[in-house]
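The values are calculated or read from the model by the stated rules, or taken from the named source; none is laboratory data. Since the structure is predicted, the reported quantities are computational estimates derived from the model, not experimental observations. Counting neighbours? That spans all protein chains shown, and the Cβs are built from the backbone with ideal geometry, glycine included. The protein model used for the area step is the full one, side chains on, heavy atoms only, and it has no ligands, DNA or RNA in it. Shrake-Rupley method; radii C 1.70, N 1.55, O 1.52, S 1.80 Å.
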Amino acid sequence: MPEVFRWGAGRLCLDFTRTLHRRGTEHAVEELPDGPALAAWVGQCGPVAPVPGSVVPAAIVRDAHGLREAVYALVAAARTRAGAAAAGEAPRERVNQAAARSVPTPALGERGELRWYANDPVTSTLALVARDALDLVTSPAVQRIRECADPACNALFLDGSRPGSRRWCSMDSCGNRAKKQRRRSESAQVAV
């Protein structure tokens with residue numbers, strides 16, 4: 001389980017799909033293998049963290065994996081000419097069911113700060129993920145979803161750049177790796 005999960009894809013639902021690292025490769029890595037990992041992701045990416053030491057049942061972890069794959073299927077389909085409907089009924093229903101659950105509730109604290117509350121932070125955060133996915137696949141922003149150009153990554157991200165030409169999910173990791181590889185290749189050509 002990573003100490004810090006990758007985030008910064010531009011939408012909560014896209015950050016959630018990134019928890020299957022190197023998707024589509026033989027080196028895919030499950031970053032949410034168990035309850036503690038899922039609780040850690042919710043604590044990092046959600047508005048309200050689970051109570052320390054709380055147990056996330058295996059059934060919730062399986063449900064989270066299913067939701068993640070359904071969100072990915074909807075987003076991938078939405079990027080095509082056919083649109084989100086092309087993902088099929090099963091992903092749509094799974095996301096709709098998750099979106100129907102209660103979400104964290106905001107409240108203004110004594111000192112004027114925004115605080116979030118949820119009886120079940122994990123399921124509530126997954127409901128936020130599902131609602132975000134539904135909003136994304138039905139909005140014009142879907143045209144700005146890109147796949148990282150690093151073949152070892154393939155993560156989806158929302159391109160917020162003005163020209164809409166961003167290639168990497170993160171310049172700090174994938175973009176840097178590509179620059180280093182290009183420099184090595186150029187150096188090797190010069191040396192020949």
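Find the percent of Cα-Cα distances in the range 15-91 that exceed 20 Å, and round it to a whole number.
Values: 1176 of 2926 pairs.
Percentage above 20 Å: 40.
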Practice problem: Would you mind checking which residues have amide H under 5 Å from G10's amide H? H placed 1.01 Å from N; only 5 or more apart, or other chain. | Solution: L158
Quiz item: PRE reach from E31 (point 7 Å along Cα→Cβ): which of the range 102-124 fall under 18 Å by backbone N?
Solution: 122
Quiz item: Percent of accessible area on the chain owned by carbon and sulfur, 1.4 Å probe?
Solution: 52
Practice problem: Kindly provide the helix-only [θ] at 222 nm of the chain, computed as the sum of -39,500 (n - 2.57) over DSSP H runs of four or more divided by all residues, to the nearest 500 deg cm²/dmol? | Solution: -13500 deg cm²/dmol
Quiz prompt | Candidates P91, P57, P33: whichever shows maximal mean-square fluctuation once the chain is modelled as a Gaussian network with Cα springs under 10 Å | solution = P57
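Dividing the Cα convex hull volume of the range 58-173 by residue count, how many Å³ per residue is that? Please report the intermediate quantities before stating the final value.
Details: hull volume 19.1 nm³, N = 116.
It is 164 Å³ per residue.
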Quiz item: Once the Cα atoms of helix 58-78 and of the chain are each reduced to a long axis, what angle between those two axes, in degrees from 0 to 90 to the nearest 10, is obtained?
Solution: 50
Quiz item: Which trypsin sites (Lys or Arg not before Pro) from the range 56-153 combine a DSSP loop assignment with at most 11 other Cβ atoms within 10 Å?
Solution: R81, R111
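Report the longest stretch of the chain that contains none of the GluC sites (Glu not before Pro) sitting in a DSSP loop with at most 11 other Cβ atoms within 10 Å. Mind showing how you got there, number by number?
Values: sites that count: E3, E26, E110, E113.
Between the exposed loop sites, the longest stretch runs 27-109.
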Quiz item: Roughly speaking, what is the centre-to-centre gap between the range 73-91 and the range 1-67 when only Cα atoms are used, to the nearest Å?
Solution: 22
